[in-house]
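Below is one structure, written out as structure tokens; the observations come after it.
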Amino acid sequence: MTVNEYNSCVDEYADSVYRFILKNIQDKDRTKDIVQDTFEKLWIKVAEVDASKVKSYLFTSAYHTMIDAIRKEKFKGDFEMVDEYKHVSHNTFSDLKKILDMALTKLSDIQRSVILLRDYEGYSYDEIGEITGLNESQVKVYIYRARLVLKEYIGNLDNVI
């Protein structure tokens with residue numbers, strides 16, 4: 001991959017990688033760090049990565065970088081600080097986007113990732129498997145279970161709207 005191809009990859013894929021990570025971790029600053037680390041990893045391996053497979057490489061690298069960041073944060077938690085908003089439920093919403101975002105927070109990390117890759121980014125089951133390191137049947141199971149959780153949380157859309 002040449003420098004010009006790398007620059008065009010940054011222009012073309014930076015926003016979609018950013019959206020994918022932001023939907024998963026809900027923190028703009030950490031998302032920017034993860035996206036920057038992802039493109040740094042691509043720059044380090046610019047000679048080894050084929051330009052035709054750069055999108056898959058970027059999403060795979062971003063996913064693994066995000067998982068590493070999440071794992072690091074789990075060990076840094078302060079047990080005396082409690083986020084009371086995580087334990088309070090307000091069922092009166094008028095904004096569908098907020099409802100969907102709240103529903104996504106109820107999913108496990110892997111379920112949220114596969115749902116976002118499938119429904120938000122439009123990847124196929126095979127591509128999701130390549131990005132997450134799962135086989136196609138595992139991807140389908142995680143998506144099915146995630147959709148059940150979302151359906152149970154959201155319920156009937158007539159009740160929401």
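The values are calculated or read from the model by the stated rules, or taken from the named source; none is laboratory data. Just so we're clear, the structure is a prediction, and the values are computed from it rather than from any experiment. Every residue, glycine as well, gets a Cβ built from its backbone with ideal geometry; the counts of neighbours run over all protein chains shown.
Of all the criteria given as (1) over 19 Å from Ile131 (Cα atoms); (2) modelled with pLDDT of 90 or more, the one not satisfied by Arg19 is (1).
Looking only at residues of region 1-53 that are of a type in the set (Val, Ile, Thr) and buried (at least 20 other Cβ atoms within 10 Å of the Cβ), we find that the one that is nearest to the chain's Cα centre (by Cα) is Ile21. Taking Tyr63, is it modelled with pLDDT of 90 or more and in contact with a Ser or Thr (Cβ under 8 Å, 6 or more places away or on another chain)? Considered against the rule, which asks whether it is modelled with pLDDT of 90 or more and in contact with a Ser or Thr (Cβ under 8 Å, 6 or more places away or on another chain), Tyr63 comes out as yes.
Scanning region 91-142 for residues that are over 16 Å from Ile70 (Cβ atoms), of a type in the set (Asp, Glu) and either in contact with a strand residue (DSSP E or B) (Cβ under 6 Å, 6 or more places away or on another chain) or at pLDDT 85 or above (or both) yields a total of 6. Is there a residue being at pLDDT below 85 and buried (at least 17 other Cβ atoms within 10 Å of the Cβ) anywhere in region 69-90? No; the residues of region 69-90 include none that is at pLDDT below 85 and buried (at least 17 other Cβ atoms within 10 Å of the Cβ).
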